[in-house]
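Data block below; observations after.
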Amino acid sequence: MTNKELIASIIEKLNYIRPENIPDIDLYMDQVTTFMDSSLKESKRYDSDKILTKTMINNYAKNDLLPPPLKKKYSKEHILVLIFIYYLKNILSINDIQTLLSPLTSKYFTNSDGLTLEDIYKEVFHLEETQILSLEKDVYRKFQKANQMFSEEEDEDREFLCIFSFISMLALDVYVKKQMIEKMIDELNEKKEKNAHTSKKK
C-alpha cells in the first residue's frame, strides 16, 4: 500500500456510531463493551486492542465522568457519554475530559424537556461529518508538500525523509490544536472556579 492509499483508507474509515444504531433498551456492562467494540472496531490500531473494558467504565464512574448505572444497566445516554470519552481520551487527560463533560451530564443527561444529550451528539458529529472533505484535502496537501522535499537525496533516504516530514507536519497540526483545546478547557475551569467563589461569597 502506498502512502497515498494509506491516507485514503484511514479517511474512509472515519465514521461514528449513529444515534439510531444505539440500542433503545438499557444494557448490562458486558453488552455495552460488546456494542462499543463491534461498532468501533475499525478504529483499532491492533486487533488485540480493546475499545472499552469493565475496568475503564468503572474508572470513568469513579472519576465522575460517567453517571452511575441504574440497577447495573446503562442507558442510551450512558453510551453517548462513553463515545465522547472514547474520542477525547486520545488527546486529553481525565481531568480535562471531566471539565468538558460535566456540564453536559449534569444538565442534559436526564433532560426530557428541550435539548437532550442525543440532540447534542447528533449536532456535534454531523458537524464532524461535514469537515471530512476539508480534512482530506488538508492531509493530501501536506502529503504532496512532503513528497516535493529532499529531491536531491538518494531514493531510499528521500523516502524516509519525506515520510518524516509528512509526520512532522501532521504532528504540528495536532500539537497546535491540542494546545488550543487545553487553553479553552483551562478557561472553562477558571470560569467555574470564579462562579463557585462568587456563589460562596453570596
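The values are calculated or read from the model by the stated rules, or taken from the named source; none is laboratory data. Everything numeric in this text was worked out from a predicted model, so none of it was measured. Positions of Cβ are generated from backbone atoms using ideal geometry, with glycine treated the same way; all protein chains shown enter the neighbour counts. Only protein heavy atoms, including side chains, enter the accessible area calculation; ligands, DNA and RNA are left aside. Shrake-Rupley method; radii C 1.70, N 1.55, O 1.52, S 1.80 Å.
Name the one entry in Asp138, Asp119 that is open to solvent by less than 50 Å² (accessible area, probe 1.4 Å), out of contact with any Lys or Arg (no Cβ under 8 Å at 6 or more places or on another chain) and in a helix (DSSP H, G or I). Break it down into steps so the answer makes sense when it comes.
Working: Asp119 fails: open to solvent by less than 50 Å² (accessible area, probe 1.4 Å).
After ruling out the rest, the residue left standing is Asp138.
Residues in segment 122-135 that are at pLDDT below 80, surrounded by 11 or more Cβ atoms within 10 Å (Cβ to Cβ) and aliphatic (A, V, I, L, M): Ile132 alone.
So for segment 152-171 (the condition being in contact (Cβ under 8 Å) with a residue 60 or more places away in the chain and under 30 Å from Pro103 (Cα atoms)), does at least one residue qualify? Scanning segment 152-171 turns up no residue that is in contact (Cβ under 8 Å) with a residue 60 or more places away in the chain and under 30 Å from Pro103 (Cα atoms).
Checking each residue in segment 49-93 for being open to solvent by 70 Å² or more (accessible area, probe 1.4 Å), among the charged types (D, E, K, R) and either touching a residue at least 60 places away in the same chain (Cβ under 8 Å) or closer than 18 Å to Pro103 by Cα (or both) picks out Lys62, Asp64, Lys89. Looking across segment 145-179 at every residue that is surrounded by 14 or more Cβ atoms within 10 Å (Cβ to Cβ) and closer than 17 Å to Leu135 by Cα, the one that is farthest from the chain's Cα centre (by Cα) is identified as Ala146. Going by the conditions given, is Leu88 under 30 Å from Gln179 (Cβ atoms) and within 14 Å of the chain's Cα centre (by Cα)? Yes: the conditions hold for Leu88.
Output the residues belonging to segment 23-45 that are loosely packed, with under 11 Cβ neighbours inside 10 Å and within 16 Å of Tyr86 (Cα to Cα).
Of everything in segment 23-45, those that are loosely packed, with under 11 Cβ neighbours inside 10 Å and within 16 Å of Tyr86 (Cα to Cα) turn out to be Ser38, Glu42, Arg45.
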